[in-house]
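Please treat every number below as a calculation from the coordinates, not as lab data. In this text the structure is predicted, and so the values were computed from the model without any measurement. Glycine gets a Cβ as well: all are built from the backbone with ideal geometry, and neighbour counts include every protein chain shown.
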Amino acid sequence: MVDPVVEQEIKRMQKKYGTKSAFTGREILSLERKTIPTGILALDYALGSGGWIRGVPYHIWGPPYIGKSSSIGLASIVQAQKQGMYVGVIATEPHWDANWAKKHGVDLDKIVI
């Protein structure tokens, strides 16, 4: 049972910020989070959700040329495309190698760089 004070505060916040702005901790358990597998089982496990949560932007950060784009990025793109999704990538390193992406199974017609 939700405490009346908590319930009143939730209603106040929902009125001010919208219906999805506040909810109880118990309601979080019932939220369905759609995920995209990373293509790397250990990473899916480490993320705790089974993959990338849809609609949440992620920043893969690290030194240049260590395989972030190849090992994590391209595998994840392929998994998203297998689910029929289009993918957008913001490439901050010196270049995007379309041939390398294609070699890893990326459908170049369904990606925006």
Convex hull volume of region 60-109 per residue (C-alpha atoms, cubic angstrom): 77
Lysines with Cα under 21 Å of Lys34, excluding same-chain neighbours fewer than 8 positions away: Lys20, Lys82, Lys110
Amide H contacts under 5 Å for Thr35, placed H, 5+ residues apart: Arg54
Range of Cα positions in the chain per principal axis (Å), largest first: 59, 30, 28
Highest average packing first - 53-59, 79-85, 6-12, 36-42, Cβ atoms within 10 Å: 36-42, 79-85, 6-12, 53-59
By average C-beta atoms within 10 angstrom, highest first, the peptides 63-76, 97-110: 63-76, 97-110
Tilt relative to the chain, helix 4-17 - C-alpha long axis, 0 to 90 degrees, to 10: 50
